[in-house]
Structures are given as structure tokens and as C-alpha cells.
Amino acid sequence: MESAALTPPTRRSLRVAGLVLAAGAGRRYGGPKALVRLDGRLLVERVVRVARDGGCDPVVPVLGAAATTVRQQAELDDAVPVENPDWPTGMGSSLRAGLAALSGTDAVAAIVLLVDMPGVTAEAVRRLADLAGPTALAMAGYGDRRGHPVLLGRDHWTGVTASAVGDIGARAYLRERATQLRVVPCADVADDTDLDVPPAP
């Protein structure tokens, strides 16, 4: 009988972190989107739950604008919030802060989600998590568009950190590695429409 110790782990057994970018001030929306309530729940609560239900552990929400209020009002359960003091410089700084926090974990990859995309589902997260590994690069596909969630294998974190400036995030890094990037169809289970402005009354 084969020893269990010699059985290689499946990809899905590898630890995948969830990284929720929720630091923006939401100027066009009228306030931090992390604190926007939709169907009775704060957006940051919803996305943290999606990451967790999609199999991510740990889940790290990156906070910035109104961070104290978010901590007081949001039910984040066992998520581990990180504050980004440089949030006014753009999303890139939040991505850097989140990856720095995850560098001390044993996660082999991180799935990046944005707080203002409530249509992204746990099933979309699971589809990307199934590809997780240190060298993995993947993002969700919605027809002819590419969007979130985005999977960043641990081997890419240093490069992403170096290139994430302003509001670009990992976009430039992924574009330069288009041949390595897998696009995972998610339009049948998710919607990556972002809440850019409040709905009309």
C-alpha cells in the first residue's frame, strides 16, 4: 500500500490567499465603497465572504480611507485586515501592501478581488483557485474581456510589487506575460461590473 506521505498534494490542497482591495475613498461614488451597503451587507463584508467561500485562507482586506470606521462597522470574522497608509496614491499601493502582508504566510498564490464588484462569486474564485501554484498566472474572462478575480502565484509577487504603481495594479505585469496568463471563463457564474457611481434614485 502506498504511503500517504508519498502522495503528492493536489493543486486544490495548496493554500491560496484572498486579497481584497478595499482602500479607496470612492470619490465618484460619494464615499468609501467598503462602507456601501448592498442588500443589507457592506461591500467589504460581501467580498470577504466570497473569498472565504471560494476557498481562500487567509483572507486579507486592504483598508485605507475610513479604515477605522470599516473596522468598527464591518463584520470581517477571521479575515486579517491590513491598513495601507499610502492609499491616496492609488490601487497599486494597496496591492503592494497586501502582497507584503501575505509574504509571511505559506500561501502559494493570492486571488485578488476588488471591493466594488459585488457580482463576482465564490464559484469564480474557486475556478481560479483550482489553478493555484507558485508559478500560476490567471484571470477571469467575461466574453472578450478579462477581469477579476486575478490569480497571482507566489513566484510573481516580487515582480508585481515592483510594477504596481498608481491605479495600474498588476495590469502591466500581466500584459508583459501574456503567453503565461491563463484566462478562465467566468461569465456564466459571475459579473465583474463595478459600482463606479451610486445607482440613480
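The values are calculated or read from the model by the stated rules, or taken from the named source; none is laboratory data. None of the values given here were measured: they were computed from a predicted structure. Because the Cβ atoms are built from the backbone with ideal geometry, glycine has one as well, and the counts that use them run over all protein chains shown.
Can you say whether VAL125 is out of contact with any helix residue (DSSP H, G or I) (no Cβ under 7 Å at 6 or more places or on another chain), hydrophobic (A, V, I, L, M, F, W, C) and closer than 11 Å to GLY18 by Cα, as far as the supplied structure shows? Against the criterion (out of contact with any helix residue (DSSP H, G or I) (no Cβ under 7 Å at 6 or more places or on another chain), hydrophobic (A, V, I, L, M, F, W, C) and closer than 11 Å to GLY18 by Cα), VAL125 does not qualify. May I ask you to verify whether VAL47 is closer than 19 Å to ASP167 by Cβ, in contact with a Ser or Thr (Cβ under 9 Å, 6 or more places away or on another chain) and β-branched (Val, Ile, Thr)? Judged against the criteria, VAL47 is not a match.
Looking only at residues in the stretch 80-95 that are of a type outside the set (S, T, N, Q) and under 14 Å from PRO32 (Cβ atoms), the one that is farthest from the chain's Cα centre (by Cα) is PRO88.
Yes or no, residue by residue, for (1) surrounded by 20 or more Cβ atoms within 10 Å (Cβ to Cβ); (2) in a strand (DSSP E or B); (3) at pLDDT 95 or above:
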| position | (1), (2), (3) |
| --- | --- |
| VAL48 | yes, no, yes |
| ALA51 | yes, no, yes |
| CYS56 | yes, no, yes |
| VAL60 | yes, yes, yes |
| SER94 | yes, no, yes |
| LEU99 | yes, no, yes |
| GLY104 | no, no, no |
| ALA110 | yes, yes, yes |
| ALA124 | yes, no, yes |
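Scanning the stretch 17-46 for residues that are crowded, with 24+ Cβ neighbours inside 10 Å, among the hydrophobic types (A, V, I, L, M, F, W, C) and in a loop (DSSP other than H, G, I, E, B) yields a count of 1. Just one of the numbered conditions (1) among the aliphatic types (A, V, I, L, M); (2) touching a Leu at 6+ places or on another chain (Cβ under 7 Å); (3) without any contact (Cβ under 8 Å) to a residue 60 or more places away in the chain is not true of LEU63: (2). Filtering the stretch 80-92 to residues that are touching a residue at least 60 places away in the same chain (Cβ under 8 Å) and in a loop (DSSP other than H, G, I, E, B) leaves ASN84, GLY90.
All told, ASP77 falls short of being under 17 Å from LEU113 (Cα atoms), surrounded by fewer than 21 Cβ atoms within 10 Å (Cβ to Cβ) and either touching a residue at least 40 places away in the same chain (Cβ under 8 Å) or over 12 Å from the mean Cα position of the chain (by Cα) (or both). Residue count for the stretch 152-176 under the criterion of being farther than 23 Å from THR89 by Cα and touching a Leu at 6+ places or on another chain (Cβ under 9 Å): the result is 2. In the stretch 139-149 there is no residue that is in a helix (DSSP H, G or I), of a type in the set (Phe, Trp, Tyr) and either surrounded by fewer than 24 Cβ atoms within 10 Å (Cβ to Cβ) or in contact with a Lys or Arg (Cβ under 6 Å, 6 or more places away or on another chain) (or both). Hey, does the stretch 182-190 have a residue that's in a loop (DSSP other than H, G, I, E, B), more than 18 Å from CYS56 (Cβ to Cβ) and modelled with pLDDT under 95? No: zero hits.
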